[in-house]
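Step one of this worksheet: look at the structure below.
The values are calculated or read from the model by the stated rules, or taken from the named source; none is laboratory data. Remember, it's a predicted structure, so these values are computed and weren't measured experimentally. Heads up, the Cβs are rebuilt from the backbone with ideal geometry, glycines too, and the neighbour counts pull from every protein chain shown. Surface accessibility is based on the protein's heavy atoms, side chains included, excluding ligands, DNA and RNA. Shrake-Rupley method; radii C 1.70, N 1.55, O 1.52, S 1.80 Å.
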Amino acid sequence: MTELIATPTERQTSTELGDGRHVSLGVQLIAAGLVTGEQVDAALTEQRRTGKRLGEILVAHGMLFEDDLARTLAEIMGMAYRDLSLEPPDPTVLDYLPEAFCRRRGVLPVGLKNGALIVAITDPRDLQTFDDLRMLVTVPVIPVVATPGPLRKAIESGYYIRLLHEDDSDDPTTDVTLTTDIPDAEVSEEAGLGRNPEPVIVFVNRLLTRAAAERASDIHIEPTEDGLRIRFRVDGMLRDIMNAPASLRLGVISRIKIMTDMDISEHRRPQDGRMSMTIGELAVDIRAASLPTIYGEALVLRLLRRDQGLLDIDALGFLPESLRRYQQSFRKAWGMILVTGPTGSGKSTTLYATISELNVPTRNTVTVEDPIEYRVAGIKQTQVNQKAGYTFATGLRAALRADPDIILIGEIRDLETAKTATEAALTGHLVLSTLHANDAASSTTRLMDMGLGPYLVTSALECVVAQRLVRRLCGRCKSSDMASPEELLELQSMALIDAATTETRLHRANGCEQCGQSGYLGRLAVHEVLVMNDELRTLVLQRAPAEAVAKAAITSGMQTLRQDAFTKVQDGETTFDELKRVLI
């Protein structure tokens, strides 16, 4: 039996397994200033009820970061800590342990040192895992502690690329819990996957699994001259994931086209497709679009997670005064409420949160959407079908015959939809929709540019919310310091601070293991809320330019997108760099 170097002793582990088993960890976390005594007491109370580990409870409740827990456990157990996001594993040592074992136990071989195998492990208190390592590995083992997230990513990037070059696989779907309605039998040599399609099937499945785990909203699959470039969009930013071999191009693209019900024999024109699947326990709807390029078809997959649920209106990031103005508008019995912004700016999320607040049994709500992104109990939801002739305009007319109190239209794209929507608002319905416009003030001119008369705009429109999404600072690694002279000049030129202001504090993104070294984790919305009044209606009737409408709206209390964003910069929620990236 191989001797295991630096194995935790029974005495060390007993502090985690006996009565009062988390005292050592709790004391260590408190001493390090990572949690408070009250938080540990609350977690211990939950631990006695659920049997979960103390660290797991603290992380689940957002009281502790995973990497802080891992570092503390490493210190308690007398082991080294390894940041896999900074020190990636050596791919030549992967053969020492089976992939299925690594996934199941949260371990990964990461290197060799003086003839001993270095194994990263997420739970150094798990004696059973150490016993199994003794049986599986024929060389000495040096355990190091790693954070679960980066370790899972390292397993994915290490094992599934290697799998593509194997001729056979004992069990290619081990631990892959992605399920879909598309049978693997449909993948054949005619689809370009060769005689053994299993590696490509597993590659695509694991690609989707990894995208869901990393909170990706889009997957970009792009043929290049010498390979297949794969990128994820996370928190609004594209990041390179891998460059797969050119030999995989046809197989991967054909597999995805089959799954999304596209025509695999058509390569010269763009196509759209969609599918629904379950990744682990996560239900995901996927919309796919193909685009012919000089090196072959490129694909973009939009991932819509059905587990996110509806956000509460208070959780959307509105500043208090902006939220009050918005709520006063959408709680009226009739009128038109518009949410504007570019694609991917969170417009639908804001509308759904609004509908959720208005959704009561005494009101009848009907939606016309493309696609239906959230399922909401208690309302009638319909989906646009262009091939069947069911457009936003025809859907809206049908909705008006269904005795609605509230109508949600996914988007106002043309004059027919705009005119029907305004007429519905004027006849006693509350109409909510989205519109593509640069800001709240320009939405009035956008409607008139469509051909809508200014008298209809002023009569029907009650409120316009313009919004953008900026990346949220990682709470683990953010810092703050005084703005540089150059930044002060920029802030003054944007009228965000007075010319006499000589110093202001800004927050900075640094990067840590928790946020993947980006400095950001998640996104938040910035808003401007324009509420129509007599002065604004007069300007619209006179076809005044958007600049004049915006100036009058600011005078009446509207905060601009930049002002809203700068408030959140000062509050430490985002950075000045993000403000400039999104709003300049």
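Observations, loosely collected:
- Taking 23 Å as the straight-line reach from the Cα of K580, the lysines in range (excluding those fewer than 8 positions away in the same chain) are K347, K478, K551, K568.
- Accessible area of region 223-272 divided out per residue, in Å², using a probe of 1.4 angstrom: 50
- Degrees between helix 249-259 axis and first principal axis of the chain (Cα, 0 to 90, nearest 10): 60
- Converting phi to 3J(HN,Hα) with the Karplus coefficients 6.51, -1.76 and 1.60 and the offset θ = phi - 60°, region 393-408 yields 5, 5, x, 5, 5, 5, 4, 5, 8, 9, 6, x, 9, 10, 10, 10 Hz in sequence order, with x at every glycine or proline.
- 3J(HN,Hα) along region 377-392: 5, x, 10, 8, 10, 10, 10, 4, 9, 4, 5, 8, x, 9, 9, 4 Hz, from the Karplus curve 6.51 cos²θ - 1.76 cosθ + 1.60 with θ = phi - 60°, whole Hz, x for Gly and Pro.
- Region 413-464 - charge dipole about Cα centre, Lys and Arg +1 at Cβ, Asp and Glu -1, debye rounded to 20: 20
- Bins of 10 Å from zero: percent of alpha-carbon pairs in region 239-346: 11, 28, 26, 19, 13, 4
- Charge context of I30, other residues only, Cβ under 12 angstrom, K/R +1, D/E -1: -2
- Positive-end residue of V540, A500, M79, charge dipole of the chain with Cβ unit charges: V540
- Toward the positive end of the charge dipole of the chain, with +1 on the Cβ of Lys and Arg and -1 on the Cβ of Asp and Glu, the farthest Cα among L400, G149, A216 is that of L400.
- Antiparallel DSSP beta bridges within region 15-163, as percent of all bridges there, nearest 5: 45
- Principal-axis tilt of helix 347-358 within the chain, Cα atoms, nearest 10 degrees: 80
- DSSP beta bridge pairing in region 320-435, given as percent antiparallel to the nearest 5: 5
- Pairwise Cα separations in the chain fall into 10 Å bins from 0 onward with the following percentages, short to long: 3, 14, 21, 23, 20, 13, 5, 1, 0.
- Under-5 Å amide H pairs with A298, H placed in peptide plane, nonlocal only: L291, T293
- Farthest toward positive dipole pole in the chain [+1 Lys/Arg, -1 Asp/Glu at C-beta], among I313, H429, V59: H429
- With contributions of -39500 (n - 2.57) from each DSSP H run of at least four residues, the per-residue ellipticity at 222 nm computed over the chain stands at -11000 deg cm²/dmol.
- The portion of the accessible surface of the chain made up by carbon and sulfur, rounded to a whole percent, is 49 (1.4 Å probe; DNA, RNA and ligands excluded).
- Looking at the chain, the DSSP beta bridges with both ends there are about 65 percent antiparallel.
- The angle separating the long axis of helix 127-136 from the principal Cα axis of greatest extent in the chain is about 60 degrees.
- Cα centroid separation - region 269-333 against region 342-388, whole Å: 12
- Cys residues of the chain counted as unpaired, since no other Cys beta-carbon is under 4.7 Å: C102, C463
- Y295 accessible area, assembled protein chains, probe 1.4 Å, Å²: 100
- Relative to the current alpha-carbon distance between R305 and R324, full extension at 0.36 nm per residue lengthens the span by 3.9 nm.
- Calculated FRET efficiency for the pair S480/M135, C-beta based, R₀ 51 Å, to 0.05: 0.50
- Around the amide H of T367, modelled in the peptide plane, lie the amide H atoms of K380, Q381, T382, L408, all under 5 Å away and 5 or more residues distant in sequence or on another chain.
- Ratio Rg/Rh [Cα only; Rh per Kirkwood] for region 28-86: 0.99
- Applying 1/(1 + (r/R0)^6) with r as the Cβ-Cβ distance of Q381 and S265 and R0 = 41 angstrom yields a FRET efficiency of 0.75.
- Working note: Debye formula, equal point scatterers on the alpha-carbon atoms of region 369-514, no solvent; log10 I(q)/I(0) at q = 0.22 Å⁻¹ is -1.42.
- Charges were assigned to the Cβ only: +1 to each Lys and Arg, -1 to each Asp and Glu. The resulting dipole of the chain about its Cα centre is roughly 1240 debye.
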